[in-house]
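For reference, the structure discussed in these notes is given below.
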Amino acid sequence: MRAYLPDLFEEQPDLLNELVTQLSPTVLKSEGVPVHRAVQHSGEFVLTFPRACHSGFNCGFNCAEAVNVAPVDWLEHGQNAVELYSEQCRKTAISHDKLLLGSAREAVLLGKISYWKENYKKYELAKCLWQRWSTHQSS
């Protein structure tokens, strides 16, 4: 995008972080960017994976809603995003620490810690965070 829109990037260096600019899919494909098209029908979901750019167009009358969901194995992607946002001086939409604490709390409360045990580093971090959270709640 920088090569095709240098003036816009000169005016606004963080242009890619805004929801205002698009390039033609033809241009993206000519530059080797994988482009896919999905048609979403009523009652269907479209999943966008971490670090994937996406855009959408509404064709006619509609009611659209976007929801961010994250399975437990997504937490690592979330941490990477937090670190990238920090480097770019951007704010995150949600608190990743709160999400991690909530996941750890639910895992401990429900006794469903098999994921955490399989991923020992994450389990130890979750256990530590849960202990801090528990101590804070009781004081």
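What are the ³J(HN,Hα) couplings of the stretch 97-102, residue after residue, when phi is run through the Karplus curve with 6.51, -1.76, 1.60 and θ = phi - 60°? Round to Hz, x for glycine and proline.
For the stretch 97-102, the Karplus-derived couplings read 4, 5, 4, 5, 4, x Hz, x marking Gly and Pro.
Please sort by residue number the GluC sites (Glu not before Pro) in the stretch 1-51 whose DSSP state is loop and whose Cβ has at most 12 other Cβ atoms within 10 Å.
Sites meeting the loop and neighbour criteria: 18, 31, 44.
Is the C-alpha gyration tensor of the stretch 1-109 telling us rounded, prolate or oblate? Criteria: a/c under 1.5 is rounded; beyond that, a/b larger than b/c is prolate, otherwise oblate.
Oblate shape, in that a/c is at least 1.5 and b/c is the bigger or equal ratio.
What shape does the stretch 1-44 have by the C-alpha gyration tensor, where a ≥ b ≥ c are the square roots of the eigenvalues, rounded means a/c under 1.5, and otherwise prolate means a/b greater than b/c and oblate the rest? Spell out each step's value before the answer.
Details: a/c = 3.82, a/b = 1.69, b/c = 2.26.
Oblate is the answer for the stretch 1-44, as a/c is 1.5 or above yet b/c matches or exceeds a/b.
Since every read-out is calculated from the coordinates, none of them should be taken as a lab result. Model, not experiment: these values are computed from the prediction. In this analysis, Cβ positions are derived from the backbone assuming ideal geometry, glycine residues included, and neighbour counts consider all displayed protein chains.
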